[in-house]
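Each reported figure results from applying straightforward, stated rules to the coordinates on display, with no laboratory input. A quick note: this is a predicted structure, and the numbers were derived from the prediction, not measured. Note that we place each Cβ from the backbone using ideal geometry, even for glycine, and neighbour counts take in every protein chain shown.
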Amino acid sequence: LKDGLREAEHANTVKSQFLAMMSHEIRTPLNAILGMQELLTHTPLNSTQASYLQTATLAGNNLMALVNDILDLTKVEAGKLDLEDIPFNVIELTQLCVQLLTVTAEAKALKLITIIDPELMPWISGDPLRFRQVLLNLLSNGIKFTEQGSVTVTLSSYASTDSACALLVEVIDTGIGIPEDLQAGLFEVFVQVDPSDTRKYGGSGLGLAISKRLVTLWGGQIGIDSTPSVGSRFWFTIGATVVAPEQSLL
Ligand code: ADP
């Protein structure tokens, strides 16, 4: 039994490494394709050619997002993803994420609201890229699955001392909601509420699975409360060291 288990674990690691390598290898030519497509857009094109190019670019960008997701997932699973521990301003970063999605929200006439706890210490130490990745994923899902109303981001600290704090980030939408029996499974890979979601909304069902792995790696938790046709509240917590602004400048 022990031998069998060891073999299965080995096979699993080999599979993860293979996937990680493949994703990495696919990114290089894909970058070249996307780069050349970008250059093509700056050349004279008739309207049919421009529309073909637009479709190719959209598909290329979707493929790149998928490959990046697979790479992240396999890296976490192979234990190869290390979180950074550098000072960053969590309030500014949250506002930046909201700003990045303002145009998408406005296109659907949705209100994008940010609520920040005034007591919150803005400078913390952690991994700003991964914080941004999780928050952008929750925010873009909120916008994607909401047809009218609002998407609200709240940032608060539920336990803090002078040197450490526990952050709670919430993304609350007034969208389609998720039936209770399907909520827990959403953090598994390739799970979508409705199999036709990919066609209708795009996406691959990897975002929440990656978010869960990243938050867990950070020592935090992630969860959901949702009511169909009313909306959803996705939240995550992380613990962080508070840093003084002068330290962050250094
Ligand atoms: P993707 O959005 O790429 O499909 P995710 O892992 O981010 O992948 O989300 C998985 C599924 O969870 C989505 O396809 C959708 O069915 C559901 N979901 C996620 N966020 C929301 C939300 N805010 N409102 C309703 N459904 C959601």
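Every condition in (1) farther than 19 Å from residue 216 by Cα; (2) among the β-branched types (Val, Ile, Thr); (3) touching a strand residue (DSSP E or B) at 6+ places or on another chain (Cβ under 8 Å) is met by residue 90 except one, and the failing one is (1). For region 186-236, the set of residues classified as under 19 Å from residue 148 (Cβ atoms), basic (Lys, Arg) and in contact (Cβ under 8 Å) with a residue 60 or more places away in the chain consists of 233 only. Annotation note: of 76, 90, 98, 67, the sole residue that is in contact with a Lys or Arg (Cβ under 9 Å, 6 or more places away or on another chain) and under 29 Å from residue 163 (Cα atoms) is 76. Residues of region 74-88 that are over 26 Å from residue 124 (Cβ atoms) and part of a helix (DSSP H, G or I): 74, 77.
If you scan region 41-64, which residues turn out to be part of a helix (DSSP H, G or I), surrounded by fewer than 15 Cβ atoms within 10 Å (Cβ to Cβ) and hydrophobic (A, V, I, L, M, F, W, C)? Correct list: 50, 56, 58, 59.
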